[in-house]
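**Q** Just dropping this structure here.
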Amino acid sequence: MRLLAAILGLGLLAPAAPAPERAGGPAQLVGRSAEGRPIQALRVGSPRARVRVLVVGSVHGNEPAGRAVVERLRRSRPPRGVALWLVTDLNPDGHAAATRHNARGVDLNRNFPYRWQGGGAPFDTYFPGPAALSEPESRAAAELIERIRPRVTLWYHQALRMVVRSDGDPTLEALLSRRSGLPRRRLPRYHGTAVGWQNHHFPGDSGWVVELPAGPLAAAGVRRQAAATLALARAVAPQPVVERPIPFGAERRRQMRAYARRHYGLDTARLRRPRVIVEHYTATSTIGPVLNTFAANSPDVELGELPGVCTHYVIDTDGTVYRLVPDALMCRHTVGLNWTAIGIEHVGTSDAQVLGNRRQLRASLRLTRMLQGRHGIRDRDVIGHAESLSSPYHRERVARLRSQTHGDLGRASMDRYRRALRRLPAPASMR
Ligand SMILES: [Zn+2]
């Protein structure tokens, strides 16, 4: 089987027989080269994965070292929620002829439809083709990218030994550089590159060129580059969320809508475009009583109102995240902010306990980043309950409640929390 795959990969056998079934599924034919060789993509990981990472082993036929990295990634296990899409070779004609160009003398990495610029003649080093996407190979790549919308894409080239700086997420770029052992360096802004097109055309998605050293990669180098790719995949993997819905039927929604009218002058129970995330702790040491209280829908002890208090998410001390209420519904967790805030509860009895629990804090930061990315919520609008009164989104029509807040997760704790948050990838990378 391995031999068959190798032959297919070398493009010696065309048309393609289906490649053997692997962890993800059979290789898909995504296009054919100018000379009719198959261009294949292989998915490793679930077809339902929310996040896709694309790796292209070779674009220029005389720069083949990245193919070995892709071969190794075929046998890898991506993190939950992420599928790897692997293209061993986008330029099989160039590979067969050991030329930079495709069979028509085009530099495929100048043929993409962003800042494309014509000129020159076939087999000039950087000949961009007669038009953007004039070549079947670049069209195959563009169509695949449009279809799978990779959150992160790596394109292997040689032999400048660097991660080429791009407009992608700088935190991921730094991670890639660190894990691959290749320094980040800027190159001139070339015309018509695949990465330029991706970063411009798909905001929130990131692509990079990884320039490997000259010659074939040694086994350790292959392992290291594959590990760097998987580190990126882990960095953008969605935080797992366990659905644990509390009863929120018609009656409770009616009560929520009436609450929104009384307190905010809004005639809806729907949370449209949430602008704020409020972090809380439960003041309990286990999750059981929390779930019971939120499910009960009885008037709260403090204000005696309905619906009962609740939260969108609860994070247990072991880092498990439960979703109790959909993001799209208002829920009573913070006076003055329920109209626009998603609530996250942490099982625990103090700020220090929550911030000192690594697993709980890690899950909390990743969940928060993901929600920021999905809803476009700024870092400064991730606040602790104790900061509620200073939020620019705070509003309250009931006079006696205008200065009501709680003591959980105050300013100093949240400054630490927000600093940790900023060390994660950009919200859009984790959406
Ligand atoms: Zn609270």
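Please treat every number below as a calculation from the coordinates, not as lab data. Keep in mind that what you see is a predicted model, and the values were worked out from it rather than measured. Cβ placement follows ideal geometry from the backbone for every residue including glycine, while neighbour counts extend to all protein chains displayed.
**Q** Among Ala250, Ala328, Ala140, which one moves the most in a GNM of the chain with springs linking Cα atoms closer than 10 Å?
**A** Ala250
**Q** Which Cα, out of Ala98, Val55, Ser285, lies furthest along the positive dipole direction of the chain (beta carbon charges, K/R +1, D/E -1)?
**A** Ser285
**Q** Just how large is the dipole of segment 242-430 about the Cα centre, in debye to the nearest 20, putting +1 at every Lys and Arg Cβ and -1 at every Asp and Glu Cβ?
**A** Details: 31 positive and 18 negative charges, 157 e Å.
With only Lys, Arg, Asp and Glu charged at Cβ, the dipole is about 760 debye.
**Q** Gain in length, Thr125 to Gln28, computed as 0.36 nm per residue apart minus the alpha-carbon separation, to one decimal in nm? Can you show the working numbers first?
**A** Numbers: separation 97, 0.36 × 97 = 34.92 nm, distance 3.06 nm.
That pair, Thr125 and Gln28, stretches by 31.9 nm at full extension.
**Q** Nothing charged except the Cβ atoms of Lys and Arg (+1) and of Asp and Glu (-1): what's the magnitude of the dipole of segment 19-236 about its Cα centre? Round to the nearest 20 debye.
**A** Values: 32 positive and 17 negative charges, 206 e Å.
Dipole size: approximately 1000 debye.
**Q** If you don't mind, there's one more thing I want to ask. GNM on the chain, C-alpha springs below 10 Å: top fluctuator among Ser403, Ser33, Ser138?
**A** The residue that fluctuates most here is Ser403.
**Q** Using the 10 angstrom Cβ neighbour count as an exposure proxy, how do Phe112, Phe123, Phe248 rank, fewest first?
**A** On the way: Phe112 28, Phe123 13, Phe248 20.
Fewest-to-most Cβ neighbours within 10 Å comes out as Phe123, Phe248, Phe112.
**Q** To the nearest 20 debye, what charge dipole does the chain have about its Cα centre, counting +1 at the Cβ of each Lys and Arg and -1 at the Cβ of each Asp and Glu?
**A** On the way: 65 positive and 35 negative charges, 82 e Å.
Taking the Cα centre of the chain as origin, the dipole is about 400 debye.
**Q** Compute the convex hull volume of the Cα atoms of the chain, divide it by the residue count, and report the result per residue in Å³ as a whole number. It would help to have the intermediate numbers written out before the result.
**A** Values: hull volume 67.3 nm³, N = 431.
Normalising the Cα hull of the chain by residue number yields 156 Å³.
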